[in-house]
C-alpha cells in the first residue's frame, strides 16, 4: 500500500459523493484543509477536528512503513 494506491481507492469510494467545495480542498493525495467530525451527527454540538491536516502525509508514511513491513503480512499460521 502507498499514497498513490490509497488515493485511487479513495477516488473509487467517494465517486459522486463529494461536492465541488470538498474536491477543491484535495491535494495530490490528501485533503489540504481541516476535517470536522460531527458528534452523533448533530450540527448543534461543538465539532471535533480530525488529525491536523498538515500532519497527515507524515503520519501516513509511518502507517505505510508499518503496513508494508514483512512481519505485518506474516501470521501465526505462516511457516
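What follows draws every value from the coordinates through simple rules; no lab data is involved. Because the structure is predicted, anything quoted here is derived from the model rather than measured. No Cβ is skipped: glycine too gets one built from the backbone with ideal geometry, and neighbour counts run over all protein chains shown.
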Inset, instruction - Within region 6-22, work out how many residues are surrounded by 10 or more Cβ atoms within 10 Å (Cβ to Cβ) and over 21 Å from residue 58 (Cα atoms). - result: 3
Legend entry - Residues of region 37-66 satisfying the condition of being touching a strand residue (DSSP E or B) at 6+ places or on another chain (Cβ under 8 Å), surrounded by 10 or more Cβ atoms within 10 Å (Cβ to Cβ) and within 19 Å of residue 10 (Cα to Cα): 50, 53, 56
